[in-house]
Amino acid sequence: MNRLWLIPFLPLAGFLLNGLVALLASSVRAEKEAGADHPGAPLPYAQRLFHGIVGVGSVGLAAVLSFAALVPYALASMRAPEGLAPIVQTVYTWMAAGDYTVDVAFRLDALSALMLSFVTFVGTLIHVYSVGYMQKEEGYGRYFSYLNLFMFAMLTLVLADNLPLLFVGWEGVGLCSYLLIGYYYDKDFCAAAGKKAFIANRVGDFGMVLGIFGVFALFGTADFSFVDLAKRQVLAGNAPLGVYAVCLLLFLGACGKSAQVPLHVWLPDAMAGPTPVSALIHAATMVTAGVYLVARCSALFVLAPDALTLVAWIGAGTAIFAATIGLAQNDIKKVLAYSTVSQLGYMFLACGVGAFSAGMFHVFTHAFFKACLFLGSGSVIMSMHHEQDMRRMGGLAGRIPQTFRTMLVATLAIAGVFPLAGFFSKDMILGSAAASGHWALYAVGLFTAGLTAFYMFRLVSMTFFGKARGDAEHAHESPATMTVPLWILAAFSVVAGLIGVPAALGGSDRIGRFLEASVAHPEIHEMSHAAELGLMLLSLAVAVTGLLWAWRWYGRAAGPAEAVSPQAHAFYERTGLLGRLVANKWNVDEGIETLVLSPFRKIGTFLWRGFDALFIDGIANASAFLVELLADLLRFFTTGHVRNYALAFTLGFAALVAYLWMS
């Protein structure tokens, strides 16, 4: 494959075509509504068909080209003892400054190949799903145009051979998230959610920019050859301090994109966008970019062990923090949103203990079951006539059976039930934490796994089991354009983990061997197969316990009017303040408002009304007043009579003569 640039170019072409046609069509409709005669305007069905074909086709072709490139590369890489060298293709020179140049160049190696595989595949399925989900929405062409642009930005990020080009894709997905989260721009909440996502990511991106400059200062280059230099510890300047600073700055950028505490606040509000957008952001694109960045720069992070420890604890803290919030959410999409935040914390926990391959393995498996869950929630929402409160659902298993079965499979996968995909990637993370001696992190991860199983099966129980509540009796199954992607994603939620079966279960950890040449491998002590199997059984027992507990509280015992059992009611009553804090998302948004936004707002008000209005404007106004006063005084001497001017001239001349005489 010698045309890597075509992979991101095809979605870009789809964006331009869809955008142009949507713009022209909107102009035609405006003219027709104004009474103008324009017989050449396309029919709405033809227009929608065009947007669907271009939107799905451009991403589908990109997926075909991706697999044409990565399958031969992956097969050859698995046969090579130390992996294949990266394939780098330069398109043109972007910037040049002296001897240094930045190229628009694309890189195919094990890490980018892994990302490319699920980004294009899951992205194509989400585009197909969107054809059915968005068919009655206004702005159909605008939607597919933005979605194609999103794919272009993410593919640019994944394939970039240098940090500046990666940053172009990085900012591109940030822009597209703003456009798609605020897709329903006529609704205040949606517009505010889009702005919140955009601004929160700017905080992280500030660190990202400084980190890129720091990489250049350390290694004299910003292309990914610095990874090899980092492996050989070829550094410039004050290396230890510089490495720590650069790692922390890059991680700040990763926290913004991947919604880690405290920059997680934008991701739950991102649910304001259409459900397929939520699936694309949460499963296959934007939020995985931060984990990808840390894995791509793993050789640099290994040189800063304390920075890695911070990564691990931020990830673990985010995982358990978001999981507790997920326990008490009643909006079906909000539960999945906090689930994503929690799972991203799991991925950073893996990177923080040096298990970069395990973290990327979880990125891979998570893409399938989380996309299935989000798209399944969209099917539920559509069948319930846009109802999202799980307390008004129930009894949907028999009414939308395909949605129920696929979501059940994905739920078991994210809970870590053997032998589904989530079991292998989750246990690889927990096993790596234990093997590296981070038992506290292991305990946090294990407890979070139990919480995950509980709140995810709570979602399934409240939605699909019990008696019908609200308008659930009138629910109907979604069209094939929506259910077929669900079945495909459910199938991959089952089998995707087979590429990472550990030796303790008779596997060979193919994913670890495949990524070996692309990520760093700090020393992690090996565990015996018996110990590894024991940890697996423990985590499986914790997951099953969470599932059964959720079933008892929210499934079997739920009555026709209530979504929870009496035991659950009693528990929530006993938790008191703690329960209210969890239900209110630990008041983080209120805390940010009180501690950050409100003081800055007051400072801004003071600078506006105090400093600017009183001081700056005061100086300008005082100057104008003095000029006006002086002019008022002088106008008394400007009478227009010649005799007065002659008298003034005479008196002035006399005063001058007297002054000269006396001096």
Residues that are of a type in the set (Val, Ile, Thr) and either within 14 Å of residue 347 (Cα to Cα) or open to solvent by 10 Å² or more (accessible area, probe 1.4 Å) (or both), drawn from the range 417-454: 417, 429, 444, 448
Test for residue 144: is it modelled with pLDDT of 95 or more and either more than 18 Å from the chain's Cα centre (by Cα) or buried (at least 24 other Cβ atoms within 10 Å of the Cβ) (or both): no
For residue 221, only one of the following conditions fails: (1) surrounded by fewer than 23 Cβ atoms within 10 Å (Cβ to Cβ); (2) part of a helix (DSSP H, G or I). What is its number? (2)
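Tally time: how many residues in the range 524-544 are farther than 30 Å from residue 302 by Cβ and open to solvent by 80 Å² or more (accessible area, probe 1.4 Å)?
Of all residues in the range 524-544, those farther than 30 Å from residue 302 by Cβ come to 537, 540-544.
This time we only want the ones that are open to solvent by 80 Å² or more (accessible area, probe 1.4 Å), so: 537.
Result for the range 524-544: 1.
From the residues in the range 490-508 that are of a type outside the set (S, T, N, Q) and buried (at least 20 other Cβ atoms within 10 Å of the Cβ), which one is nearest to residue 302 (Cα to Cα)?
500
Out of the range 64-73, which residues are of a type outside the set (Phe, Trp, Tyr) and in contact with a Leu (Cβ under 9 Å, 6 or more places away or on another chain)?
The initial filter retains those residues of the range 64-73 that are of a type outside the set (Phe, Trp, Tyr), namely 64-66, 68-72.
Passing the criteria: 65, 66, 69, 70.
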Condition first: open to solvent by 10 Å² or more (accessible area, probe 1.4 Å), in contact (Cβ under 8 Å) with a residue 12 or more places away in the chain and of a type in the set (Phe, Trp, Tyr). Can you find one or more residues in the range 232-246 that meet it? yes
Just a yes or no: is a residue in the range 580-587 open to solvent by 60 Å² or more (accessible area, probe 1.4 Å), modelled with pLDDT of 80 or more and of a type in the set (Lys, Arg)? no
Those helices (runs of 4 or more DSSP H) lying entirely in the range 251-356 with at least 2 residues closer than 27 Å to residue 107 by Cβ: 289-296, 298-302, 305-326, 332-352
Which condition breaks for residue 191 when tested against (1) open to solvent by 50 Å² or more (accessible area, probe 1.4 Å); (2) over 29 Å from residue 519 (Cα atoms)? (1)
Looking at 205, 186 in this structure, which one is of a type in the set (D, E, K, R), open to solvent by 20 Å² or more (accessible area, probe 1.4 Å) and either at pLDDT 90 or above or farther than 25 Å from residue 119 by Cα (or both)? 186
What are the pairs, 6+ residues apart or on separate chains, where a residue within the range 422-439 that is farther than 21 Å from residue 494 by Cβ and assigned to a helix (DSSP H, G or I) has its Cβ under 6 Å from a residue that is modelled with pLDDT of 90 or more and hydroxyl-bearing (Ser, Thr, Tyr)? 433/442; 434/442
Enumerate the pairs (first residue in the range 585-614 and under 21 Å from residue 318 (Cβ atoms); second residue anywhere and surrounded by 12 or more Cβ atoms within 10 Å (Cβ to Cβ) and at pLDDT below 80) with beta-carbon separation below 8 Å, excluding pairs fewer than 6 apart on the same chain, so at least 6 apart or on different chains. 587/581; 590/584
In the range 378-408, what residues are of a type in the set (A, V, I, L, M), surrounded by fewer than 24 Cβ atoms within 10 Å (Cβ to Cβ) and part of a helix (DSSP H, G or I)? 381, 382, 408
In the range 588-641, how many are open to solvent by less than 60 Å² (accessible area, probe 1.4 Å), of a type in the set (Val, Ile, Thr) and more than 23 Å from residue 337 (Cβ to Cβ)? 1
Matching residues in the range 166-176 (within 11 Å of residue 8 (Cβ to Cβ) and open to solvent by less than 10 Å² (accessible area, probe 1.4 Å)) number 1
Considering only the range 47-95, state which residues are in a loop (DSSP other than H, G, I, E, B), more than 14 Å from residue 108 (Cβ to Cβ) and open to solvent by 70 Å² or more (accessible area, probe 1.4 Å). 81, 82
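Between 13, 34, 25, which is open to solvent by less than 70 Å² (accessible area, probe 1.4 Å), among the aliphatic types (A, V, I, L, M) and at pLDDT below 80? Full working, then the answer.
Values: 13 fails: at pLDDT below 80; 34 fails: open to solvent by less than 70 Å² (accessible area, probe 1.4 Å).
Step by step, each of 13, 34, 25 is checked, and only 25 is open to solvent by less than 70 Å² (accessible area, probe 1.4 Å), among the aliphatic types (A, V, I, L, M) and at pLDDT below 80.
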Tell me, yes or no, whether the range 171-184 has at least one residue that is in a helix (DSSP H, G or I) and among the polar types (S, T, N, Q). yes
Among 517, 504, 468, the single one that is part of a helix (DSSP H, G or I) and more than 26 Å from the chain's Cα centre (by Cα) is 504
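The values are calculated or read from the model by the stated rules, or taken from the named source; none is laboratory data. Not measured: the values here are computed from a predicted model. Glycine also receives a Cβ, built like all others from the backbone with ideal geometry; neighbour counts cover every protein chain displayed. Heads up: the accessible areas ignore ligands, DNA and RNA and are worked out on the full protein's heavy atoms, side chains in. Shrake-Rupley method; radii C 1.70, N 1.55, O 1.52, S 1.80 Å.
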